[in-house]
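Enquirer: First the structure, then my questions, so here it is.
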Amino acid sequence: MKIGIMGLQGSVIEHVNAVAKSGAEPVIVKYPKDMDGISGLIIPGGESTAIQKLMEKTGLAAAIKEKADSGLSLYGTCAGLIMMAKEIDNGTDDQLSLGLIDIKAKRNAYGRQNESFEEYIDIPALGDRPFPGVFIRAPLIIYSGEGVEILGRYGDGIAAARQGKFLVSAFHPELTDDMRFHRYFISMCDG
Ligand code: GLN
């Protein structure tokens, strides 16, 4: 099964390695044509405003929305979560998202001294062992609609969620040795 990794900006190669370790074939996606034959697409973390501009320039924004409408599975980590959210809090004035999953993402939800940290998160869908959450200037989900399944919480907010074929995490599983999150995503993709 081929899994695309959007390769415009951010932690791309780490997701490529994680997908390969999880038993699927990674494909770097820079242009719409690169999505031919993929069963799922990962939008990596990085800087959401930069990712947005590049997605518009390459035509990926429109192409991903179209594929998402026709059933492509998507997984967004960190800035990727922001890109997939229906609503962004604390975004820049002209910041747009793809509006795929019914959540409100608060950008840069943590104060300066706590911009980056690691915290174990309980994610029952992945089993009893808590998941090592690496948060880097992370967003937090501050609202989720009725159709959204909450997979894990952190503090007052939600750190991981799913709505049908759309999966998001505020943290970066690709920066750990724990492949359970990637395997979970791959299990959501039709081979
Ligand atoms: N703070 C970044 C943003 O707003 C996200 C950081 C990340 O993806 N690690 O886009």
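The values are calculated or read from the model by the stated rules, or taken from the named source; none is laboratory data. What you see is a predicted model, and the numbers here were worked out from it, not measured in a lab. With ideal geometry, Cβ positions are generated from the backbone for all residues, glycine too; neighbour counts draw on all protein chains shown.
Enquirer: Contact list please: Cβ distance under 7 Å, first residue in region 75-86 and within 9 Å of Val168 (Cβ to Cβ) and in a strand (DSSP E or B), second residue at pLDDT 95 or above and within 8 Å of the ligand (Cβ to nearest atom), pairs at least six apart or on different chains.
Expert: As it stands, the answer is Thr77/Pro44; Thr77/Gly45; Thr77/His172, since those pairs meet every condition given.
Enquirer: Give all pairs with beta carbons closer than 7 Å in which a residue from region 112-134 that is in contact (Cβ under 8 Å) with a residue 24 or more places away in the chain meets a residue that is among the β-branched types (Val, Ile, Thr); count only pairs at least 6 apart in sequence or on separate chains.
Expert: Listed pairs, sorted by first residue: Phe131/Ile121; Phe131/Ile123; Pro132/Thr176; Gly133/Ile121; Val134/Thr176.
Enquirer: Does Lys86 meet the test of being surrounded by fewer than 21 Cβ atoms within 10 Å (Cβ to Cβ), within 15 Å of the chain's Cα centre (by Cα) and of a type in the set (Lys, Arg)?
Expert: For Lys86, the condition - surrounded by fewer than 21 Cβ atoms within 10 Å (Cβ to Cβ), within 15 Å of the chain's Cα centre (by Cα) and of a type in the set (Lys, Arg) - is met.
Enquirer: Can you pull out the residues in region 167-191 that are charged (D, E, K, R) and either under 19 Å from Arg107 (Cα atoms) or at pLDDT below 95 (or both)?
Expert: The one that is charged (D, E, K, R) and either under 19 Å from Arg107 (Cα atoms) or at pLDDT below 95 (or both): Asp190.
Enquirer: Tell me yes or no: at least one residue of region 91-107 is part of a loop (DSSP other than H, G, I, E, B) and in contact with a Gly (Cβ under 7 Å, 6 or more places away or on another chain).
Expert: Yes, because at least one residue in region 91-107 is part of a loop (DSSP other than H, G, I, E, B) and in contact with a Gly (Cβ under 7 Å, 6 or more places away or on another chain).
Enquirer: Report, by residue number, each residue of region 144-166 that is at pLDDT below 95 and either acidic (Asp, Glu) or not in a strand (DSSP E or B) (or both).
Expert: Those that are at pLDDT below 95 and either acidic (Asp, Glu) or not in a strand (DSSP E or B) (or both): Gly155, Asp156.
Yes or no, residue by residue, for (1) closer than 18 Å to Ile88 by Cβ; (2) touching a strand residue (DSSP E or B) at 6+ places or on another chain (Cβ under 8 Å); (3) within 16 Å of the ligand (Cβ to nearest atom):
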| residue | (1), (2), (3) |
| --- | --- |
| Arg137 | yes, yes, yes |
| Ile142 | yes, yes, yes |
| Gly147 | no, yes, no |
| Tyr154 | no, yes, yes |
| Gln163 | yes, yes, no |
| Glu174 | no, yes, yes |
| Tyr184 | no, yes, no |
| Met188 | no, yes, no |
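Enquirer: Moving on to the next point. So, of the residues in region 63-80 that are surrounded by fewer than 22 Cβ atoms within 10 Å (Cβ to Cβ) and either within 16 Å of the ligand (Cβ to nearest atom) or not hydroxyl-bearing (Ser, Thr, Tyr) (or both), which turns out to be farthest from Gln163 (Cα to Cα)?
Expert: Step by step, filter region 63-80, then rank; the result is Ala63.
Enquirer: Here is a further query. Select from region 32-62 the residues that are more than 16 Å from the ligand (Cβ to nearest atom) and either within 23 Å of His182 (Cα to Cα) or touching a residue at least 40 places away in the same chain (Cβ under 8 Å) (or both) and list them in ascending order.
Expert: Correct list: Pro32, Asp34, Met35, Asp36, Gly37, Ile38, Ser39, Gly40, Leu41, Thr58, Leu60.
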